[in-house]
Structure formats: structure tokens, C-alpha cells
């Protein structure tokens with residue numbers, strides 16, 4: 001094939017958008033779209049930082065609803081919008097750590113050491129190599145036994161709250177440039193002691209709900225748990241955000257579920273729905289969020305819009321119990 005030239009990724013990146021536009025192939029157009037999306041992420045103006053750290057607990061005891069996927073992609077999107085973000089992985093499976101390309105093999109310091117051994121966050125957190133401005137406290141399989149080990153510990157429900165209260169990067173604007181604007185806690189798909197620790201430490205609950213039949217099944221128990229924690233352990237906790245995931249606009253079922261969720265939760269439901277997306281599912285296998293894996297994809301753009309909504313939704317401060325001993 002005379003005149004045919006294979007270009008490397010580096011060469012493609014060096015081409016301007018006008019050069020790529022001259023290429024008539026679908027591959028060239030896709031490359032242009034991705035390059036423009038990446039450039040847009042780098043040049044995107046930062047959104048205003050909240051006046052105090054927002055600690056958001058991402059929870060739903062129903063598995064397969066996009067909880068971890070939403071945690072890591074919202075976190076990455078917030079970081080791309082100029083926010084400083086900390087992700088705390090409280091799921092022993094460590095899927096959030098995988099998606100953020102952070103080591104979490106057995107013995108790696110992480111949330112187990114924070115909860116069981118009282119380690120400081122600064123001793124265990126790792127910057128995400130893929131997303132500037134995003135820090136991660138990884139979870140390992142060691143965390144699976146933490147609930148049993150914490151049974152005899154005094155104030156076992158407030159171990160995470162104590163660790164957050166002790167870190168100077170959690171607090172008011174005056175804490176400095178290094179202050180975390182958002183702390184997202186990825187909970188396991190259960191309502192055990194790990195999730196209780198998250199709810200005691202947080203001020204907001206973000207609940208991902210898939211746009212499928214039985215979407216609201218079992219959600220009542222989570223809401224009762226939030227109410228229990230609010231009544232006895234953390235009066236500031238509240239459900240602030242509902243995110244509809246796995247939305248298929250082609251089906252009446254998805255639209256019906258979205259309407260039902262809206263009827264139950266009203267303004268707590270984000271207008272942005274996260275679509276079903278192969279790219280979103282593929283990203284973790286490459287140690288990435290979809291925000292870096294394919295920033296021009298519908299899934300990435302939806303998570304970016306959801307993050308923008310969260311920023312503009314209002315500021316719910318850190319728990320009132322911060323700085324007090326439980």
C-alpha cells in the first residue's frame with residue numbers, strides 16, 4: 001500500500017485538531033475527539049472550592065448499583081474541576097483502589113491500619129498517579145476482618161471520624177491550599193461496622209441507584225440506618241445526593257424508575273443520569289477511571305456533569321462532632 005503511513009500515539013498527539021480533521025477515517029475522527037476531550041480537561045476552569053471540606057459517604061447495601069464506579073469517577077471529575085479530593089476505600093475488595101491505580105495487596109498500609117491500629121491518614125494515603133489533586137487511602141483484604149477486631153474497641157463506630165478530625169487538611173478554607181475540598185468514602189455493600197464508621201465520619205450520603213427493576217428494594221434499610229446514626233452518633237449526617245446509574249434512555253423502564261426515584265427523593269436526585277457504558281466498565285481493568293481512560297465518552301461526560309451538579313448543589317460542612325472525642 002503505497003503512501004500509507006502508520007502514526008504512533010506520540011505523533012498523533014502532536015497533530016493539531018485541524019490536521020486531524022483532514023483525515024477522513026473514523027479512527028482519525030475518534031482520535032481527534034479524544035484529544036480534544038483531554039485538552040479540554042486540562043484547560044477546564046476550576047470551580048469555586050467549598051468553604052469547608054465536604055465529607056460524602058457513598059453507600060448502598062445493594063450490590064451492582066455502580067457504587068464504587070460512581071465514587072472513583074465523581075472523585076476524578078471533581079479533581080479535574082480544580083477540587084482537592086481524598087477517596088477512602090472502605091470496601092475489603094479494594095475495587096476503588098484498583099480503579100485509581102493504587103497498590104492494595106495484602107499488607108499494604110491503608111484503611112485497616114486507620115481503623116484498627118489508629119494510624120494517621122497521612123501515613124497511609126497515596127496520590128493517584130492518574131489524576132492530579134486526588135489522594136487515596138487504599139483498602140486491602142486485611143479489612144475483611146476489621147469488623148470482628150473492632151468489636152472490643154472503645155468507640156469503635158467513630159474510628160474513621162477521629163482520623164479525619166485529626167488531619168489538618170480537613171476543615172475550613174483557612175486550612176490552606178492543601179486542604180481537601182471533598183472526601184469520598186466508598187463503603188462495602190453491607191450495613192456493618194465499616195459503613196457505620198463512614199456514616200459517623202461523614203456529613204452527606206450519596207446513594208447511587210441503578211435504573212432497573214427493584215431499584216428501591218432494600219433502600220429502606222439504608223435510610224433507617226442513616227436515621228439511627230443521625231439520632232445517636234452523628235446529628236449532621238443526611239442524604240444529600242441521589243445519582244441514577246446504568247440509565248438506558250431507549251427503554252421505558254429506565255424512565256419509569258427515574259420518575260419513581262424523583263418522586264421519592266425530589267431535589268436530592270441529580271438531573272444527570274449515568275448511562276450504561278462499556279467504556280465505564282472497561283476503565284478499571286486498565287487501572288483508570290473513565291475520566292482518564294476515555295474522557296470524551298458519554299460516561300465520562302455524564303460523570304463530569306454530575307460532579308458539577310454536586311459542586312453547585314450546596315455546601316454541607318464537616319460533621320459538627322469534628323474535634324470532639326466520642
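The values are calculated or read from the model by the stated rules, or taken from the named source; none is laboratory data. Because the structure is a prediction, the values reported are computed rather than measured. FYI the Cβ positions are ideal-geometry reconstructions off the backbone, even for glycines, and counts take in every protein chain you see.
Out of all the residues in segment 46-68, is one or more part of a helix (DSSP H, G or I), modelled with pLDDT of 95 or more, touching a helix residue (DSSP H, G or I) at 6+ places or on another chain (Cβ under 6 Å) and buried (at least 16 other Cβ atoms within 10 Å of the Cβ)? Yes; the residues of segment 46-68 include at least one that is part of a helix (DSSP H, G or I), modelled with pLDDT of 95 or more, touching a helix residue (DSSP H, G or I) at 6+ places or on another chain (Cβ under 6 Å) and buried (at least 16 other Cβ atoms within 10 Å of the Cβ). For residue 18, indicate whether it is at pLDDT 95 or above, over 26 Å from residue 166 (Cβ atoms) and in a helix (DSSP H, G or I). In short, no. Filtering segment 276-294 for residues that are touching a strand residue (DSSP E or B) at 6+ places or on another chain (Cβ under 6 Å), without any contact (Cβ under 8 Å) to a residue 60 or more places away in the chain and surrounded by fewer than 20 Cβ atoms within 10 Å (Cβ to Cβ) leaves an empty set.
If you scan segment 263-300, which residues turn out to be assigned to a helix (DSSP H, G or I) and under 16 Å from residue 246 (Cβ atoms)? 278, 279, 280, 281, 282, 283, 284, 290, 298, 299, 300 - these are the residues of segment 263-300 that are assigned to a helix (DSSP H, G or I) and under 16 Å from residue 246 (Cβ atoms). Exactly one of these conditions fails for residue 202: (1) over 24 Å from residue 111 (Cβ atoms); (2) within 19 Å of the chain's Cα centre (by Cα). Give me its number. Against the list (1) over 24 Å from residue 111 (Cβ atoms); (2) within 19 Å of the chain's Cα centre (by Cα), residue 202 comes up short only on (1). Within segment 139-176, if we keep just the residues that are part of a loop (DSSP other than H, G, I, E, B) and touching a residue at least 60 places away in the same chain (Cβ under 8 Å), the residue that is surrounded by the fewest Cβ atoms within 10 Å (Cβ to Cβ) turns out to be 155.
Yes/no per residue for (1) modelled with pLDDT of 95 or more; (2) surrounded by 22 or more Cβ atoms within 10 Å (Cβ to Cβ); (3) under 17 Å from the mean Cα position of the chain (by Cα):
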| residue | (1), (2), (3) |
| --- | --- |
| 237 | yes, yes, no |
| 248 | no, no, no |
| 252 | no, no, no |
| 274 | yes, yes, yes |
| 296 | no, no, no |
| 312 | no, no, yes |
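Being more than 25 Å from residue 145 (Cα to Cα) and surrounded by 23 or more Cβ atoms within 10 Å (Cβ to Cβ) holds for only one residue in 199, 223, 243, and it is 243.
Please work out if residue 211 is modelled with pLDDT under 95 and surrounded by 19 or more Cβ atoms within 10 Å (Cβ to Cβ). Before you say what the answer is, go through the steps one by one.
Working: modelled with pLDDT under 95: yes; surrounded by 19 or more Cβ atoms within 10 Å (Cβ to Cβ): yes.
So residue 211 fits the description; yes.
Scanning segment 226-262 for residues that are touching a helix residue (DSSP H, G or I) at 6+ places or on another chain (Cβ under 7 Å), within 29 Å of residue 275 (Cα to Cα) and in a helix (DSSP H, G or I) yields a single hit, 226.
Scanning segment 116-131 turns up no residue that is assigned to a helix (DSSP H, G or I) and more than 22 Å from residue 168 (Cα to Cα). Could you check segment 75-94 and list, in sequence order, the residues that are free of Cβ contacts under 8 Å to residues at least 60 places away in the same chain, assigned to a loop (DSSP other than H, G, I, E, B) and buried (at least 23 other Cβ atoms within 10 Å of the Cβ)? Selection gives 94 alone.
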